[in-house]
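Student: Take this structure, written in structure tokens, and hold onto it; I'll ask about it next.
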Amino acid sequence: MFSSSAASEGVSATVLWTALSGFVAVAAVAFFAMWSVLSNLLCAILIFTIGPFRIGDMVELVDTLDKPGVKGRVVAINLMFTTLIETPEAGGALVQVPNSQFFQKSVRRWRGSDLFPQMVVAKQPDEQD
């Protein structure tokens, strides 16, 4: 139906096919270029909804037996990265890990409350004269 109406307008099927395949090729390249961004966004949604870890937890991305992975305390989670502060033995630097890495590698997690006992701060009552 579309090709017959296009033919009546003077557009050949070859021109339509060339335009359509060009559009599909450009869309495929754009999707491939945006894949890591889309992957991190989708993984961020999973992190927020499933909650495999939360701010304050200690996590370790297990790489291989020979090579230790990144280990640190979660200090921030956004749509692209999870920010960790490395353990003091590793230097204590801030590390931004792409969210997709948490779904591509094995993760060890220690809940923050297990690592950092609840602190109770007692406030001195105001002295009255």
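Student: List every residue pair whose Cβ atoms sit under 7 Å apart, with the two residues 6 or more apart in sequence or on different chains, where the first one lies in the stretch 90-110 and is among the aromatic types (Phe, Trp, Tyr) and at pLDDT 90 or above and the second, anywhere, is surrounded by 15 or more Cβ atoms within 10 Å (Cβ to Cβ) and in a strand (DSSP E or B).
Tutor: PHE102/THR82; TRP110/MET58
Student: So, VAL75, is that one assigned to a helix (DSSP H, G or I) and either without any contact (Cβ under 8 Å) to a residue 40 or more places away in the chain or of a type outside the set (Val, Ile, Thr) (or both) or not? Explain how you work it out, then say what you get.
Tutor: Working: assigned to a helix (DSSP H, G or I): no; either without any contact (Cβ under 8 Å) to a residue 40 or more places away in the chain or of a type outside the set (Val, Ile, Thr) (or both): yes.
It is false that VAL75 is assigned to a helix (DSSP H, G or I) and either without any contact (Cβ under 8 Å) to a residue 40 or more places away in the chain or of a type outside the set (Val, Ile, Thr) (or both).
Student: Also, I was wondering about something else. Within the stretch 78-111, how many residues are small (Gly, Ala, Ser) and more than 16 Å from ILE47 (Cα to Cα)?
Tutor: Let us first name the residues in the stretch 78-111 that are small (Gly, Ala, Ser), namely 90-93, 100, 106.
Remaining after also requiring more than 16 Å from ILE47 (Cα to Cα): 90-93.
Total meeting the criteria: 4.
Student: Would you please list the contacts, defined by Cβ atoms under 6 Å and residues six or more apart or on different chains, that run from a residue in the stretch 34-46 that is part of a helix (DSSP H, G or I) to a residue that is small (Gly, Ala, Ser) and surrounded by 15 or more Cβ atoms within 10 Å (Cβ to Cβ)?
Tutor: As it stands, the answer is SER39/SER100; ASN40/SER100; CYS43/SER100, since those pairs meet every condition given.
Student: Hey, another quick one. Among the residues of the stretch 48-57, is any assigned to a strand (DSSP E or B), of a type in the set (Asp, Glu) and in contact (Cβ under 8 Å) with a residue 24 or more places away in the chain?
Tutor: To start, the set of residues in the stretch 48-57 that are assigned to a strand (DSSP E or B) comprises none.
No: the stretch 48-57 contains no residue that is assigned to a strand (DSSP E or B), of a type in the set (Asp, Glu) and in contact (Cβ under 8 Å) with a residue 24 or more places away in the chain.
Student: Run GLY69 past the list (1) surrounded by 15 or more Cβ atoms within 10 Å (Cβ to Cβ); (2) at pLDDT 85 or above and report the number of the one that doesn't hold.
Tutor: (2)
Student: Let me ask something else about it. Go through the stretch 78-105 and report how many residues are at positive phi and of a type in the set (Val, Ile, Thr). Write out each step before concluding.
Tutor: Here is the first cut: in the stretch 78-105, the residues at positive phi are 91-92.
Still in the running and of a type in the set (Val, Ile, Thr): none.
Of the residues in the stretch 78-105, 0 are at positive phi and of a type in the set (Val, Ile, Thr).
The values are calculated or read from the model by the stated rules, or taken from the named source; none is laboratory data. Only a predicted model underlies this, so the values are computations on that prediction, with no experimental measurement involved. Glycine also receives a Cβ, built like all others from the backbone with ideal geometry; neighbour counts cover every protein chain displayed.
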